[in-house]
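To start, the structure itself, in structure tokens.
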Amino acid sequence: MTNGDWPSAEGLVLRPWAVDDRDVLVAAWADPEVRRWTAVPDDASPDAAARWIAGGWRRREEGLALDLVGVSVDDGRILGEVGLSAFDTARRAARIGWWTAASERGRGVATAMVRAMTGWAHDGPLALRVVVAEVDPANPASVTVVRRAGYELLGKVPGRLTEGSTTDGRLVFASQPPVCGATGEGASATRV
Ligand SMILES: CC(C)(COP(=O)(O)OP(=O)(O)OC[C@H]1O[C@@H](n2cnc3c(N)ncnc32)[C@H](O)[C@@H]1OP(=O)(O)O)[C@@H](O)C(=O)NCCC(=O)NCCS
């Protein structure tokens, strides 16, 4: 998977996790909101966070996941994370997930990160045809984020998104609506 030339948006740049970011990750893994809506490892200790960060290059090399932090261009502080996973090379698709650090919420960070990552996933070296987001309907802030980032609702599928979820069902959004009959390379000017 690609290295370098990461996405950017107004006010922030995205880059891979670095060893020095460990405490930010530990804080996020301890945040009740992040634990409620995203998959946090059972071992959320500082050592586990350091190991997870160290394994980032391998997850990228093996095409398993691309996890980037959003960093403020003003002072370099970490604002949140956005990641791609579940890569489907045949369909040129991936799933996107995100969180914003507790102290940085309500200022458009998640929307900017999701928008930047999605645009880069389509137009950058990955050249994906579609990015999919699964959002718990009881998480209205993330529904707002994904809609504002230009995703369209495909439908609802059964099953809990996380252990902490209280609803049985996930909203599935796509960065581009699938077009019946599109056959791939060059089939459509709209990339789908
Ligand atoms: C959801 C989350 C990512 C939002 O991050 P953020 O940086 O604050 O998001 P943004 O500022 O880009 O946009 C959030 C929007 O949702 C709105 N919002 C927040 N809480 C809301 C609620 N309970 N109901 C409806 N809208 C809500 C905000 O007001 C904002 O809209 P505004 O700009 O009109 O005010 C953040 O709260 C978070 O990290 N939550 C825990 C992890 C998580 O849920 N990850 C996503 C899993 S799919």
- Query: Among (1) within 14 Å of the ligand (Cβ to nearest atom); (2) modelled with pLDDT of 95 or more; (3) of a type outside the set (Val, Ile, Thr); (4) more than 22 Å from Val26 (Cα to Cα), which single condition is Arg160 missing?
  - Reply: (2)
- What strands (runs of 3 or more DSSP E) lie completely within the range 58-144 and have 2 or more residues being more than 15 Å from the ligand (Cβ to nearest atom) and without any contact (Cβ under 8 Å) to a residue 60 or more places away in the chain? 78-88
- If you go through the range 44-63 one residue at a time, do you hit one that is closer than 16 Å to Val146 by Cα, within 17 Å of the chain's Cα centre (by Cα) and not aromatic (Phe, Trp, Tyr)? no
- Query: If you scan the range 121-152, which residues turn out to be surrounded by fewer than 18 Cβ atoms within 10 Å (Cβ to Cβ) and small (Gly, Ala, Ser)?
  - Reply: Gly124, Ala127, Ala138, Ala141, Gly150
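The values are calculated or read from the model by the stated rules, or taken from the named source; none is laboratory data. If you're wondering where the values come from, they're calculated on a predicted model, not measured in any experiment. FYI the Cβ positions are ideal-geometry reconstructions off the backbone, even for glycines, and counts take in every protein chain you see.
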